[in-house]
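Only one structure is covered here, and it is reproduced in the block below.
The values are calculated or read from the model by the stated rules, or taken from the named source; none is laboratory data. Treat the numbers as computed from the prediction; the structure is a model and nothing was measured. Note: ideal-geometry Cβ built from the backbone for every residue, glycine included; neighbour counts use all protein chains shown. The protein model used for the area step is the full one, side chains on, heavy atoms only, and it has no ligands, DNA or RNA in it. Shrake-Rupley method; radii C 1.70, N 1.55, O 1.52, S 1.80 Å.
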Amino acid sequence: MAEKNKSKEDEMSVCITNTQPVHLDKDIKSFEIASSKYLITKPVNLDEAIEIVGFGSFHYYLLFICGSLFAAISISVTSVSFIIPSAQCDFQMTSVYKGFLNGASMIGMFFGCFITGFMADSKGRKYTLVVCMMIDGIFNLISSVSQIYPVLIFCKLMSGFGVSGVTVFYSYLGEFVNTKNREKFLCWMELFWTFGVILLPCIAWVVIPQTFRIEYGFFLFRSWNLFAVLCSLPSIIFSYLLAKLPESPKFLLSKGKQDETIDCLKFVYRWNYKTDDEFPVFSLTLPDCCINEQNNNFFNGLYKSILGMFTSQYKIVAINTCVIQFCSTASFYMMVLWFPELMNRFRFYETLYSGPKNMTNMCEIVSLFKIEPEEIDLKCNDEIDQSVYENILIIGIACIPTSIIVPLLVNRFGIKFFLVLSFFGSGLSAACLYLISSSFENIVLSSVFEALSSLGIGLVYCISVELFPTEYRGVAVSIGSMFGKVGAVIGNIVVGVFIDAHCMVPILVSCSFLIISGLLVLLLPKTGRTAIK
């Protein structure tokens, strides 16, 4: 209590051996220069300690590892959009079955979000990320040799369970970075997602057109199986590298682990300054919300964590972000996972369709390729036209400008500005999809939609790091993501059911949800002004 009653000037001052007290706000640079000579003897606030460790090579390496895993998630989630058309004959998939396969990973994410959010707040950010990414990689690897449809569905469901850890990346990254650099730093993660979107069609383009077949009794291994193997490797490799990095300092201190927190800061300090000098901070001020480890059973702890968030002062913000996640993620996955399928249908219409080519909108063209279950053996074609790879690659490249511009300008305009812009822009592009009647128009609008909607979803994760305190951050972001996956599952099923006969329905739903998301963003509190709690 005595510590709380000190004046602001006293709180921000620390004693240093052999010199006078120094004000951290004004003289932080002097610490960076003289830290090898002076030691701070009074307890320091964690945000001040993070300022002392600086911003340097450790943070860039951390961004590279987490960003690479983020790209791996991008590959894992969207790889199914190439597996579906190339494996449809092996598994005799109708449009409805394709919708279930698309939705399987979303169902896994739905259940995973319950667990990963609580794990992140109770066991640790890094621990949760490593476990989740290994689950994703291993089950994607198993899916590559699956021979029956239910096994493939189960593997994609478990892969989705692992991918649910994506929400923890932003918490883990943001808790290492000071206020000045945090928003910009987190926004660079979107660029890695874009790299994943670009890399995926390149891998698919090289591998899937190969015509080799390895058959041994019931076992069949074709090009799409090899493609699935390659898509599983990044998650396994980079999760191993992540395991070598320290746990989040804010998480450690929130659990009362002061010594481990200081060890973490020492690790970052020595990496940033490339020095063996002793870290100048010996004691940290414990947060008011310090939570000691308890021996509660898992489900009891999970229940208390979720209940605590939705009965706290952050409940309105939590509900708002849940609705935003539901609407925006549903809209994104409704469209993106079906783009290769739609492009295939446009290509066949323009090159192989022998009927009258007087279609005036996308729905008329798409409806020409409805496949009934009894017709699969007669009409099945698992070839993907080369233009599909080219178009998906173009869509990925189209995301690069927004992925670069936003981090450079986010400190000036704020995350909320770009969130509103991305949701309104992608909503408009979704509405215009109905009017297209050629592959060129399809690729242009698909590129705009992918660039803006994926940016919006990434920025929701960024802003959530600052909207919630450490003790609720993991659960809050994960529960919001869970609502997003509910929307994604429903959206994929809606597309699978209506795409052949009533494709106006998913377009209208996608457009409406994105506009709603943009309006709800305006109700969120301002961010980027203060240190995260």
*Ordered by packing density, taken as the mean number of other Cβ atoms within 10 Å over each peptide's residues, highest first, how do 214-223, 406-415, 438-447 rank?*
438-447, 406-415, 214-223
_Additional length obtainable on full extension of the chain from residue 42 to residue 283, 0.36 nm per residue less Cα span_ = 86.1 nm
*Taking a ≥ b ≥ c as the square roots of the eigenvalues of the Cα gyration tensor of segment 89-175, is the shape rounded (a/c under 1.5), prolate (a/b larger than b/c) or oblate?*
prolate
*asked:* Multiplying the sequence separation of residue 522 and residue 316 by 0.36 nm and subtracting their Cα-Cα distance, what value in nm do you get?
replied: 72.8 nm
*Any idea how far apart residue 211 and residue 497 come out in nm if each label point goes 7 Å out from Cα toward Cβ?*
4.1 nm
*For segment 76-143, which chymotrypsin sites (Phe, Trp or Tyr not before Pro) are both in a DSSP coil and crowded by at most 13 other Cβ atoms within 10 Å?*
none
*residue 352 versus residue 405: modelled label distance in nm, points set 7 Å from Cα along the beta carbon direction*: 3.8 nm
_Average accessible area per residue (Å²) across segment 168-247 - probe 1.4 Å, nucleic acids and ligands excluded_ = 41 Å²
_Mean Cβ neighbour count within 10 Å, used as a protection proxy, ranking 479-485, 199-205 highest first_ = 479-485, 199-205
*Flagged links, alpha-carbon separation over 27 Å, of 255/304; 180/304; 156/315; 123/274*: 180/304; 156/315; 123/274
*Could you check the simple spin-label distance between residue 270 and residue 179, using points 7 Å along Cα→Cβ, in nm with one decimal?*
3.1 nm
_Sequence ranges 167-178, 238-249, ranked by mean other-Cβ count within 10 angstrom, highest first_ = 167-178, 238-249
*Rounded percent of accessible protein surface that carbon and sulfur make up, segment 115-269, 1.4 Å probe*: 71 percent
*Using 15 Å as the cut-off for backbone N distance, which residues of segment 409-441 belong to the label zone defined by a point 7 Å from the Cα of residue 364 along Cα→Cβ?*
434-439
*Name the shape class, rounded, prolate or oblate, that the alpha-carbon gyration tensor gives for segment 450-533, where a ≥ b ≥ c are the square roots of its eigenvalues, rounded holds for a/c under 1.5, and otherwise prolate holds if a/b is larger than b/c and oblate otherwise.*
prolate
*According to the square roots a ≥ b ≥ c of the eigenvalues of the Cα gyration tensor, what is the shape class of segment 144-285, taking rounded for a/c under 1.5, prolate for a/b larger than b/c otherwise, and oblate for the remainder?*
prolate
